[in-house]
Structure formats: C-alpha cells, structure tokens
Amino acid sequence: MVDEVLSVFAETIAHLIEARDRLKGRAFRSYDELISLAVRKVDEVAPVNVSEAAAKRAGELGLKDLRRYCWFCQPQKRGMNDLGRETFHWEHFATVSEMTREIYSLGEKPSTASIATVLSQARIVWILKSENARLGEAKAGSRRANPAEAYERVGIALKHDWAECVRIPCKWHG
C-alpha cells in the first residue's frame, strides 16, 4: 500500500516538474509550491516516531501511544486535545525542503522510481514544541541533511527504533 502511494506521489511530482519546465518561468513559483506540497503530504503514509519527552508528556496527559494520532487529531478533544497545538509538534524528520531539494538535484527529468526513493525517506516524529524550538535555535529547522545528527545535537531522543515504526492508521482519520 505505502509503495503504491509513494509511486502515485512520485508520478504526480514528475508531471509537475515536466509542466513547470514546459512553462519556462510562467507560474514557476506556483509549481514549486505544488511540488513542495506533494512532498509534504507524503507524511500521511510515513512512519511515525515519538520523542522520549513527548511520550512522557503524553503519558502525563493520559494519551495513548502518540504514533496512533495524526496531525488532524492534535487539536480535537476526542483526539489529543492539544488545542492551539501548544504542546506537541508534528515534525518532518527528513524535512520537506531537504527532500524537495533532493528531488530537484535528480536532474531535469527525474524518473518516478528515483523520486519515490527520495519520498521513501519521509518520517514523522511527534516532539514537544520546546524541542522544535531547540531545532530552530540550532539552525536545524528546515535545512538539515542529517536529521539524526541534528536531533542528537539538540538532545532529542527518539523512543522507538525506526524499524519499529510503521504508519498506524489513525482511528479517526485512517
């Protein structure tokens, strides 16, 4: 299922790149935004992890394993009840800008398979807002070639090994 979804996203991005190049600058920025949005939306099938600190806070709030929640559940009372998204942050471990940059580096006409390989790097981590602030302060927000090193540098420990992390369908949003 995930491979099929990544393949469809990769085909879509390849078509967007082709259309962008055909327009030779007209609406160029709009296509870049669409490509970035397509990369961002891969988070809907990406594996989800949790920082140790976020897992601890979730336990204090009576929440179950945060990997069971999606971004849409965060502000809902029947979900995480994080009104205003003030406690937790849905963090792209491999950032959208880094993955988009990597796709552009594949050349003028990247193959669907090569784009899918880049998209397969997508990972999500529920972290605390304070941890997200530390990433920003360390200039490791949206530009970080090595996410694991950036997390280590700012003291964010992951609760689960990535091999244990698969996308658990959200009970409310699939």
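The values are calculated or read from the model by the stated rules, or taken from the named source; none is laboratory data. Treat the numbers as computed from the prediction; the structure is a model and nothing was measured. Here Cβ is always computed from backbone atoms with ideal geometry, including for glycine, and neighbour counts include all displayed protein chains.
Observations on the model:
- Being hydrophobic (A, V, I, L, M, F, W, C) and either touching a His at 6+ places or on another chain (Cβ under 8 Å) or modelled with pLDDT under 90 (or both) is a property that holds for residue 168.
- Qualifying residues in segment 135-165 (those that are buried (at least 19 other Cβ atoms within 10 Å of the Cβ) and either in contact with a Gly (Cβ under 9 Å, 6 or more places away or on another chain) or of a type in the set (Gly, Ala, Ser) (or both)) - the one modelled with the lowest pLDDT: 140
- Options 19, 46, 38, 55: the member that is of a type in the set (Gly, Ala, Ser), assigned to a loop (DSSP other than H, G, I, E, B) and in contact with a Phe, Trp or Tyr (Cβ under 9 Å, 6 or more places away or on another chain): 46
- Candidates 8, 50, 2, 39 - the one that is β-branched (Val, Ile, Thr) and at pLDDT below 85: 2
- Matching residues, segment 100-130, being farther than 13 Å from residue 14 by Cβ, of a type in the set (D, E, K, R) and out of contact with any strand residue (DSSP E or B) (no Cβ under 6 Å at 6 or more places or on another chain): 101, 102, 123
- Enumeration of residues in segment 57-115 that are surrounded by fewer than 20 Cβ atoms within 10 Å (Cβ to Cβ) and among the small types (Gly, Ala, Ser): 59, 62, 79, 84, 97, 105, 107, 111, 113, 114
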